[in-house]
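Note sheet for the following structure.
Since every read-out is calculated from the coordinates, none of them should be taken as a lab result. From a predicted model like this one, the values you see are computed outputs, not experimental measurements. Neighbour counts are summed over all protein chains in view; Cβ atoms, including those assigned to glycine, are modelled from backbone coordinates with ideal geometry.
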Amino acid sequence: MRLRRLEHIRAIAKRQLAAETAEAEGILAHLNALTERTQELANDYVTRRDSADGYALAQLSGFAAGLCEIVRSSGHDAANAKGHADRKMSELAVAERRRAAVEQRLDREERLMSLREETAASETRKRVGTELE
């Protein structure tokens, strides 16, 4: 029973880590998409040449610089999110190995217990005949 409880606990831990890993992967995908879209916008604004005067050019340059800063920041956040997602993935792999190890121990113990019961049952049978036979 102890091994069954341990396996159940390991399975719960694995499910929880799987949910956390999925969440981390979702955040990573969202940040990657945000970085890509912001990079596209920044590229569009950097290549514009339709400014009417110096003030408009300064406004455009400032806006493009702000977008480039957002790209840098979101890229940094995406790199951090990737590291977090990778750590969660490795924790999930460890949790699965632990759960599988407990499951193997449980299977082995159940086989041994059934073997002991079979042996005990066969020893309790009355023998036919005398001890001389």
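Give me the net charge for the shell around H84: Cβ to Cβ below 14 angstrom, other residues only, Lys and Arg +1, Asp and Glu -1. Neighbour charge sum, excluding H84 itself: -3. Return the whole-Å distance between the Cα centroid of segment 5-42 and the Cα centroid of segment 86-108. Segment 5-42 and segment 86-108 have Cα centres separated by 19 Å. Among residues other than T35 with Cβ under 14 Å from its Cβ, the summed charge is -1 (Lys and Arg +1, Asp and Glu -1).
Once you have the Kirkwood Rh of the chain from its Cα pairs, apply Stokes-Einstein at 10 °C and 1.306 mPa s and quote D in µm²/s. Write out the running numbers ahead of the final one.
Details: Rh = 20.5 Å.
Approximately 77 µm²/s, per Stokes-Einstein.
You can think of it this way: the chain between A120 and Y55 has 13.8 nm of extra reach, that is 0.36 nm per residue less the Cα-Cα gap.
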